[in-house]
Amino acid sequence: MSDPVLLEMQQLEAAIPKMMEIARQFKLDFYPMRFEICPGEIIYTFGAYGMPTRYTHWSFGKSYHRMKTQYDYNLSRIYEMVINSDPCYAFLLEGNTIIQNKMVAAHVLAHCDFFKNNAYFSHTNPQDIIETMAVAAARFRQYEMVHGQQKVESFIDAVMSIQEHIDPHQSIRKRELQHDKSGCCNKKDNSPYDDLWKLDQSGHGCQCQGQCPSKQGKHPPQPEKDLLLFILENAKGLEEWQHDVISTLRDEMFYFWPQMRTKIMNEGWATYWHLRIMREMDLSEVESIEFAKMHAGVILPSRSSINPYFLGLKMFEDIEKRWDNEFGEGAGKEKIYEIREIDNDVSFLRNYLTKELVEDLDLYLYRKVGHDWKVVEKNWEKVRDHLVNSMTNAGFPVILAEDGDYGRRGELYLRHVFEDKELNIKYLEKTLVHVFSLWNRPVHLETKIDNKVALFSFDGEKGSRKFV
Amino acid sequence: MNYNFVITREDWSLHRKGEVDQHRHKEKVREAIKQNLADIVSEESIILSDGRRVVKVPIRSLEQYRFSYDSRKQKHAGQGDGKSKVGDVLGSDPQQAPGKGPGAGEEPGQDYYEADVTIDEIEQIVFEDLSLPNLEEKKNKKLASETVEFRDVRKYGIQSNVDRKRTILEVLKRNALNGNPGIHGITPEDLRYKTWEIVPKFESSAVVLAMMDTSGSMGPFEKYIARSFFFWMVRFLRTKYENVEIVFLAHHTEAKEVTEEEFFTKGESGGTRCSSVYQLALDLINTRYPKDDYNIYAFHFSDGDNLTSDNEKCIRLIDQLLVKCSLVGYGEIEGPYYYTSTLNSFYKRITHSRFVSVSIRDKNGVYPALKSFFKNSDQKGGVSS
């Protein structure tokens, strides 16, 4: 290693324990840390994949290419990349200055605290996740060799198109079902290898030959939100490896889901703390200025979108101030620790985005009117409600599987739970084609267009739509 | 306190994951281009690229579809500088392009994915199926010149052609094998000579006689079709010949030579007499572009609405052109009106193997037209699309 690089590593090796000490004094609680300094391509690879050990897919290549191009053209930089895992892996960009990396390290410590303590992350298996994904990636490579890259790739394309349609509350539901019925499907994962043993078994993973009470069956008493699960359990003609792909991608989504639901809180939390940690470090004047510039860049507000770093930071600071004022010094800090444990973005915004904040920060809603993008709403409640709504279900439309035997012909009937936002028609028609390739029989989707109920279908050859 | 942390810096130089998938993505882009060649060949960003190497090509098949909201109909949240009011305009977008608004990055919806490809990459794909027909005729000795190329190294030759470097290498080899390394004692067996071969070099010049009907009925769309066609035609010929010239001949009832700019933009009015431009082409060949020195490719674009009395003369002139040219082609751009007897139907009488006539209805017709013009010589000619 060359001298300046070695010097930088030594500086970091000295700075990081100091920051960790400061963080601990602030009562932050994180997993053991693993920092890795690596070149841009690597960080952008991980950024595109979400995880260093994820399986191979061309879409990641597309994201990687786009991120790297933007980085090469100096349009944007990923500063930090941290993984919800135990030990917690954090990646520092090789070209960063020492101050930048110090700030990233501080920021990342707070992220790790968030991952460890926020309730929504409790089932994400941080100790095994990296290994699990690596093992899955290896299995996928094996499938590619046996069945051909094209076939596997197209199948993954199809599964990814509905990947986000899982039911994050499944653990609650399963417990309810298991409560009244005794029987085989009560088996919980007893060892970390249970999911491997299950691969040998078809369908639901138990021996009851499909008589499991917890399996919903083709005519679910309650429409099933977890489309991937529904397809796993009811689709005909899926091969063993296809089962595995669906199952793995579904597990992946469960892992990423909490991150998608707590973006504003998490970034706000990390920004709040990197500020305070860096303030406690003995920075020289030059370093302080550089840090201030970096921080300003990170929280820069945007006219066309909400900057989660900025909004989250302001909200935490506002909460701390208000609680300190009302309940005395120190109450604010206590409150924000509590929030970081129990809230997600929806509850965070609903409870703590106040009228004053909306007005102080000048938040608004805009839309396209004719040829112009215009501000259309400044009423604080409307702005807040819109933000809360857009985060429900992590911003994805809710699609339910209502019937797996529609028309008594084994067709799949999906229904979009329409509230006030219409679906993109072109996309949904193409997605139905993907769903068909998973279900292997005609598929239908009911939704509302222009206030009329519409039924879109795909029968394997062409799509159709009709208004009901 | 003992803090459990580690900082490492591994050697990532062999880490190819991103690169590998990016390669796969590039492959997919390539496949997508191949499947959509008809669209891409006439894509404006390429034809009007003015020589830029990298162009953005919209590829509609690489989108990742999912059930998602129609973002164009929705509201979005943003943050202002403190003084925003209802009715403030954030940005304006007169072209109705989907999703363009203030600022880049997290914008509501781009409907398609744009791939960055170099024109060379597209060329490769487009030209895969094209070939230069009638190549046998070019082996005519008169058209080929001979050149001398030093390609070979032998053990015998003229003293003045000794390849010193190779000779010394042989000496070193031999001495090392004998256990006596070093440069000493050059024997005759070590000598190496550079030798030449006589290589026939085929003619290196081509000229494209681009002829276009610029009467009133040829509007901007028709001109664009012609432009797309000539764009690829010239590029293709440039891969086969060292030197490609283009001559632009525009005509209505009379023909004249024009600049490229005028060829593609100026419109005239008035009637159409196609024979005028064929005559002009012949004249140019006789004066400026002798057949012995140039490979001539003549292509005429029109909407087919020729003066009926002129048609016979056109055929006669085309026959004359066919004597001199490697390829003569006629492209008819079908307009919205259906003409009962267009030039195209007339030209069906010409059965010469070096004559191709095509009919193009829309942008997607350009690529098939290119293919039939530059087809392999064992296929039939005269295709309409």
Item checked: Residues of the stretch A:377-415 with amide N under 17 Å of a point placed 7 Å along Cα→Cβ from A:ASP360 -> A:380-381, A:384
Next item on the list: Give the cross-link partners of B:LYS324 among the aspartates and glutamates, using a straight C-alpha distance below 15 Å as the criterion and excluding same-chain residues fewer than 8 apart.
Entry: B:GLU137, B:ASP283, B:ASP292, B:ASP293
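Which order do you get for B:PHE229, A:PHE396 if you rank them by accessible area with a 1.4 Å probe, largest at the top? Write out the running numbers ahead of the final one.
On the way: B:PHE229 0, A:PHE396 45 Å².
In descending accessible area the options line up as A:PHE396, B:PHE229.
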Next item on the list: Quickly rank B:177-189, B:268-280, A:97-109 as a protection proxy: mean count of other C-beta atoms within 10 Å, highest first.
Entry: A:97-109, B:268-280, B:177-189
Notebook entry, point to check: Per 5 Å bin, what percent of the C-alpha pairs of the stretch B:169-313 does each bin hold, from zero upward?
Noted result: 2, 9, 15, 15, 12, 9, 5, 3, 3, 3, 4, 4, 4, 4, 4, 3, 2, 1, 0
Next item on the list: Could you pull the accessible area for A:GLU381 with a 1.4 Å probe, rounded to 10 Å²?
Entry: 90
Item checked: the stretch A:250-391, accessible surface, carbon-and-sulfur percent (1.4 angstrom probe) -> 48
Margin query: Just to confirm the filter: which GluC sites (Glu not before Pro) across the stretch A:402-433 are DSSP coil and have at most 16 other Cβ within 10 angstrom of their Cβ?
Written below: A:GLU419
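If we sort A:112-120, A:147-155 on the protection proxy, mean other Cβ atoms within 10 Å, highest first, what's the order?
Ranking the peptides A:112-120, A:147-155 by packing returns A:112-120, A:147-155.
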Notebook entry, point to check: Using 1/(1 + (r/R0)^6) with R0 = 45 angstrom and r between the beta carbons of A:SER302 and A:ARG24, what's the FRET efficiency to the nearest 0.05?
Noted result: 0.85
Next item on the list: Pairs of Cα atoms under 8 Å, at least six residues apart: use those to get the relative contact order of the stretch B:180-339, whole percent.
Entry: 27
Note to self: What does the buried accessible surface come to for A and B, summed over both chains, with the probe at 1.4 Å? Round to 100 Å².
What the structure shows: 7500
Check: Looking at B:GLY271, B:LEU307, B:ILE318, which one has the Cα that reaches farthest to the positive end of the dipole of the stretch B:266-326 (charges on Cβ: Lys, Arg +1; Asp, Glu -1)?
Finding: B:ILE318
Item checked: Global geometry of the stretch A:322-426, whether rounded, prolate or oblate, following the gyration tensor of its Cα atoms and the 1.5 cut on a/c -> oblate
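What shape does the stretch A:262-386 take by its C-alpha gyration tensor, where a ≥ b ≥ c are the square roots of the eigenvalues and a/c under 1.5 counts as rounded, a/b above b/c as prolate, and the rest as oblate?
Oblate is the answer for the stretch A:262-386, as a/c is 1.5 or above yet b/c matches or exceeds a/b.
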Item checked: Pairwise label distance in nanometres, B:PHE221 with A:ARG409, each label 7 Å out on the Cα-Cβ vector -> 3.9
Check: For A:TYR337 and B:ARG174, FRET efficiency with R0 = 51 Å and r from the beta-carbon atoms, rounded to 0.05?
Finding: 0.05
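The values are calculated or read from the model by the stated rules, or taken from the named source; none is laboratory data. Keep in mind it's a predicted model, so treat the numbers as computed, not measured. Glycine also receives a Cβ, built like all others from the backbone with ideal geometry; neighbour counts cover every protein chain displayed. Note: areas computed on protein heavy atoms with side chains; ligands, DNA, RNA excluded. Shrake-Rupley method; radii C 1.70, N 1.55, O 1.52, S 1.80 Å.
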